Amino acid sequence: MFINLKNAVKKYGSGETLVYALDHAELTLGEGEICVILGPSGSGKSTILNMLGGLDNLDEGELTVAGRRITGLSGEQRTDYRKEDVGFVFQFYNLIPDLTVEENIQVVADISDKPLAMDEVLQALDIEKYRRRFPKELSGGQQQRVAIARAMIKNPKLLLCDELTGALDTKSSKQVLEFVEKMNRQFGTTVVIITHNEAIAGMADRIVRLRDGRICENRENGQKISAAGLVL
């Protein structure tokens with residue numbers, strides 16, 4: 001398994017204020033799959049993303065990603081893991097306003113050990129024609145594609161997407177999801193999408209649902225459809 005999360009526990013508070021963000025959760029995911037994780041606010045979706053991305057440590061349990069034991073890594077080791085193996089795409093694009101599209105992406109390429117070719121990534125996301133533009137000159141969907149390019153330029157093994165369509169209209173949302181699908185197909189990147197939007201689950205190889213810190217559903221999607229066919 002590419003991702004193996006076992007008996008995962010993350011707690012906050014103590015005594016009467018104790019809250020389980022993850023309550024003995026378990027998750028397995030194969031390499032190259034697209035996984036969509038669904039659940040209401042407070043269900044543990046963001047906590048799982050933080051663990052998979054090396055942004056936080058479990059209190060109990062084990063996490064392995066691509067054969068690498070993530071549980072118990074030091075802060076410096078988790079930084080190396082994020083640098084080498086993980087790409088992040090968030091709801092808000094977090095582009096540097098004073099840098100062009102190409103410069104925003106190059107910032108990440110410069111600190112990567114094995115970056116993809118700039119032109120390859122720009123072409124794959126159909127943003128080559130915007131390479132000299134600044135973020136303020138782009139639409140929301142275009143900016144999100146730049147954010148995906150920035151995450152993909154370092155050739156990560158795992159792409160984590162947190163509500164990546166939350167700030168977009170329906171047309172832009174579908175286009176962005178099509179490009180995520182293309183990245184998965186073209187580069188073999190394993191993708192985890194955290195979302196409230198049930199319709200996005202249609203494009204997943206695996207659908208996972210959380211409630212109260214527990215995984216209440218984990219199944220292969222036998223009726224997978226392309227992102228282009230989603231009704232958002």
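Some points to look at:
- Residues within segment 153-177 that are under 19 Å from L52 (Cα atoms) and either among the acidic types (D, E) or open to solvent by 10 Å² or more (accessible area, probe 1.4 Å) (or both), tallied: 5
- Qualifying residue in segment 47-64 (condition: over 19 Å from D212 (Cα atoms), over 19 Å from the mean Cα position of the chain (by Cα) and either hydroxyl-bearing (S, T, Y) or open to solvent by 60 Å² or more (accessible area, probe 1.4 Å) (or both)): yes
- Candidate set: segment 83-101, residues that are open to solvent by less than 50 Å² (accessible area, probe 1.4 Å) and in contact with a helix residue (DSSP H, G or I) (Cβ under 8 Å, 6 or more places away or on another chain); chosen: the one modelled with the lowest pLDDT: Y93
- Applying a threshold of 8 Å to beta carbon distances and a minimum spacing of six or more residues, or different chains, the list of pairs starting in segment 146-160 at a residue that is modelled with pLDDT under 95 and assigned to a helix (DSSP H, G or I) and ending at one that is open to solvent by 10 Å² or more (accessible area, probe 1.4 Å) and of a type outside the set (K, R) is empty.
- Test: residue in segment 108-124 that is part of a loop (DSSP other than H, G, I, E, B), in contact (Cβ under 8 Å) with a residue 12 or more places away in the chain and either touching a strand residue (DSSP E or B) at 6+ places or on another chain (Cβ under 7 Å) or open to solvent by less than 40 Å² (accessible area, probe 1.4 Å) (or both): yes
- E16 open to solvent by 20 Å² or more (accessible area, probe 1.4 Å), of a type outside the set (S, T, N, Q) and within 23 Å of G188 (Cα to Cα): no
- From R131, R150, residue being open to solvent by 30 Å² or more (accessible area, probe 1.4 Å) and in contact with an Asp or Glu (Cβ under 7 Å, 6 or more places away or on another chain): R131
- Count of residues meeting criterion [outside any strand (DSSP E or B), under 19 Å from the mean Cα position of the chain (by Cα) and farther than 16 Å from L29 by Cα] in segment 191-212: 6
The values are calculated or read from the model by the stated rules, or taken from the named source; none is laboratory data. Here the structure is a predicted model, which means the values were calculated and not measured. Backbone-built Cβ (ideal geometry, glycine too); neighbour counts: all protein chains shown. We work out accessible area using only protein heavy atoms, side chains counted, and drop any ligands, DNA or RNA first. Shrake-Rupley method; radii C 1.70, N 1.55, O 1.52, S 1.80 Å.
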